[in-house]
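Here is the structure we will look at, set down as structure tokens.
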Amino acid sequence: MKTLPSSHWEPLARNVHDTSYLVKGLRSDKEYQFRIKALTDFGNSEPSLPVTVYRKSVPFFPRYEPILTNLNPDSVVLSWQPATLPSHTTHMPSVTYRIEIQDPPERGHWRTYASNVPKTSYHVTNLRPDRDYLFRIRAEADNIMTEPSMPVYLQRRACPPRMPHEEP
């Protein structure tokens with residue numbers, strides 16, 4: 001076995017009398033190559049051609065900021081570029097998106113607004129027009145999340161003043 005990109009082969013097991021072997025302790029963020037050599041009383045065979053086990057496919061997500069459209073006092077539509085999967089991906093997991101929100105001036109504290117969003121746009125509701133917001137998007141596939149997009153800033157919107165309502 002060798003852990004890529006290393007060129008050093010390490011013996012993994014000896015005296016395996018079956019045609020299969022369960023390898024434990026592999027990390028999902030690493031790529032590995034395996035090959036087999038037969039060891040007999042008469043000597044060793046040449047190694048087989050290597051088989052590569054690729055790490056879990058992490059979606060590639062464009063770092064562009066989302067686009068804001070259909071601005072209303074209490075809602076907005078967010079849209080973004082879709083995530084793509086690496087070309088070596090053997091199975092195509094479904095990609096969903098997570099929308100994160102921050103209320104400035106809170107620095108560093110992002111909270112999830114929506115998750116498992118299947119499309120590349122989302123109608124964000126229940127916003128307050130007297131507050132600023134930051135939004136960013138993450139892609140998810142096979143329980144692996146990408147780095148976030150650049151945030152987009154939604155500035156407080158001008159709205160008609162409200163008179164306090166008091167009971168007489």
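Measuring nothing but how far apart in sequence close Cα pairs (under 8 Å, 6+ apart) lie, relative to its length, the chain scores a relative contact order of 19 percent. Proximity of backbone amide H atoms, modeled 1.01 Å from N, is registered between Leu85 and Phe60 at under 5 Å, excluding neighbours fewer than 5 places apart on the same chain. Taking other Cβ atoms within 10 Å as a rough exposure proxy, Ser94, Ser7, Ser121 sort from fewest to most as Ser7, Ser94, Ser121. Computed over the chain with a Gaussian network model linking Cα atoms closer than 10 Å, the most mobile of Gln102, Gln33, Gln81 is Gln33.
Taking the chain as a Gaussian network of alpha-carbon nodes connected by springs under 10 Å, the highest mean-square fluctuation of the residues Pro104, Pro11, Pro129 belongs to Pro11. Distance between the modelled labels on Gln33 and Arg107, one decimal in nanometres: 4.7 nm (7 Å Cα→Cβ projection). If I take every Cα pair under 8 Å that is 6 or more residues apart in region 1-55, average their sequence separation and divide by the length, what percent do I get for the relative contact order? Reported relative contact order: 34 percent. A crude spin-label estimate for the pair Val51 and Val16, with each label 7 Å from Cα along the Cβ direction, gives 0.8 nm.
Qualifying chymotrypsin sites (Phe, Trp or Tyr not before Pro) in region 1-76, where qualification requires a DSSP coil assignment and no more than 12 other C-beta atoms within 10 Å, comprise Tyr21, Phe42, Tyr64.
Note on the chain: GNM, Cα springs under 10 Å; of Leu134, Leu154, Leu49, the largest mean-square fluctuation is that of Leu49.
Counting Lys and Arg as +1 and Asp and Glu as -1 over every other residue whose Cβ lies under 14 Å from the Cβ of Thr40, the net charge comes to 0.
A short reminder: the numbers here are calculations on the coordinates, not readings from a lab. Nothing here was measured: the structure is a model prediction, and the numbers come from that model. No Cβ is skipped: glycine too gets one built from the backbone with ideal geometry, and neighbour counts run over all protein chains shown.
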